[in-house]
1. Is there a residue in the stretch 31-41 that is hydrophobic (A, V, I, L, M, F, W, C) and closer than 18 Å to Lys184 by Cβ?
2. With respect to Ile216, is the statement that it is closer than 25 Å to Pro141 by Cβ and either among the polar types (S, T, N, Q) or touching a residue at least 40 places away in the same chain (Cβ under 8 Å) (or both) true?
3. Can you tell me how many residues in the stretch 139-160 are more than 16 Å from the ligand (Cβ to nearest atom) and either in contact with a helix residue (DSSP H, G or I) (Cβ under 9 Å, 6 or more places away or on another chain) or not assigned by TED's automatic domain parsing to the domain that holds Leu190 (or both)?
4. Collect the residues in the stretch 135-153 that are under 29 Å from Lys77 (Cα atoms) and surrounded by 16 or more Cβ atoms within 10 Å (Cβ to Cβ), keeping them in residue-number order.
5. Looking only at the stretch 165-186, count how many residues are within 16 Å of the ligand (Cβ to nearest atom) and either without any contact (Cβ under 8 Å) to a residue 12 or more places away in the chain or surrounded by 14 or more Cβ atoms within 10 Å (Cβ to Cβ) (or both).
6. For the stretch 131-141, does any single residue satisfy the condition of being over 30 Å from His217 (Cα atoms) and of a type in the set (Gly, Ala, Ser)?
7. Name the residue that is farthest from the ligand (Cβ to nearest atom), counting only residues in the stretch 197-212 that are open to solvent by 30 Å² or more (accessible area, probe 1.4 Å) and touching a residue at least 12 places away in the same chain (Cβ under 8 Å).
8. Scanning the stretch 64-83 for residues that are in contact (Cβ under 8 Å) with a residue 12 or more places away in the chain, out of contact with any Pro (no Cβ under 6 Å at 6 or more places or on another chain) and assigned to a helix (DSSP H, G or I), which turns out nearest to Pro116 (Cα to Cα)?
Amino acid sequence: MITKEVKIDDLTIKLHRKNIKNMYLRVLPPNGEIIISAPHFLPHEEIVNFVRDRKDWILKKQELIISNEINAPLKYKSGETHYLWGKEYTLQLVSKEDLKKTVVDYDKNIIYLPVPKRSRKETREKILNELYRKELKKAIPPVLEKCSKRVGKTPSEVKVRNMKNWGNCRYQDKRITLNLKLAKKDPICLEYVMIHELCHLIEFNHGKKFKKLMDIHCPEWKKIKKILNE
Ligand SMILES: [Zn+2]
């Protein structure tokens, strides 16, 4: 079998030339990759026409695959895409006996997750959450310093938790709590949430006064809020 990548119009296709009689087309998850198997001596022209005739179907199929992938609940399995600081990483499960702690390969964008044998989804999720917690705790001090200066307020402490909201600020004891999943998002989101919570040390609710504070200390806040909730 000979495999090469060809471009037909704006579609990238993996073309397998094989010892077969007919041409076959497949569109595969998770990325909607297009694969064509064609007989060895079939003229390229015929492949081009074959693809053009089916272009609408291909695009529809790709769209379906990708939207299914996006909406599918996470399984925390090898090959799955997860996010760290806004970048895509591929999850790679490794036996706990071979790897003691989670390792991130920032160049190859791989997260190596040490898991026990026959682990449950919830267990793997917990282990990945610990990475997020660690990453966030490491990122907080410089962001806190920068944002505190900007807003002119300092919290009594900043905690990291797995929680529903992105952040929380207790006015009574000036404690800020941040969602560990902020480590999934672009770093600008951590800054935005930090400023938001610090502004609560001045203004309790989300009224006009609060929005004015956000406009001053984080002029791009509306844009960042959208990125955060994507
Ligand atoms: Zn708030």
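The values are calculated or read from the model by the stated rules, or taken from the named source; none is laboratory data. Everything numeric here is computed off the predicted structure, so don't read it as measured data. Cβ sites come from the backbone with ideal geometry, for glycine too, and all protein chains shown count toward neighbours. Please note that ligands, DNA and RNA were not included when accessible areas were found on the heavy atoms of the full protein model with its side chains. Shrake-Rupley method; radii C 1.70, N 1.55, O 1.52, S 1.80 Å.
1. No: the stretch 31-41 contains no residue that is hydrophobic (A, V, I, L, M, F, W, C) and closer than 18 Å to Lys184 by Cβ.
2. In short, no.
3. So the count comes out to 10.
4. If the condition is that a residue be under 29 Å from Lys77 (Cα atoms) and surrounded by 16 or more Cβ atoms within 10 Å (Cβ to Cβ), then Glu135, Leu136, Ala139, Ile140 are the ones that fit.
5. 13
6. The answer is no; no qualifying residue exists.
7. Checked the stretch 197-212; the qualifying residue farthest from the ligand (Cβ to nearest atom) is Ile202.
8. For the stretch 64-83, the residue satisfying everything is Asn68.
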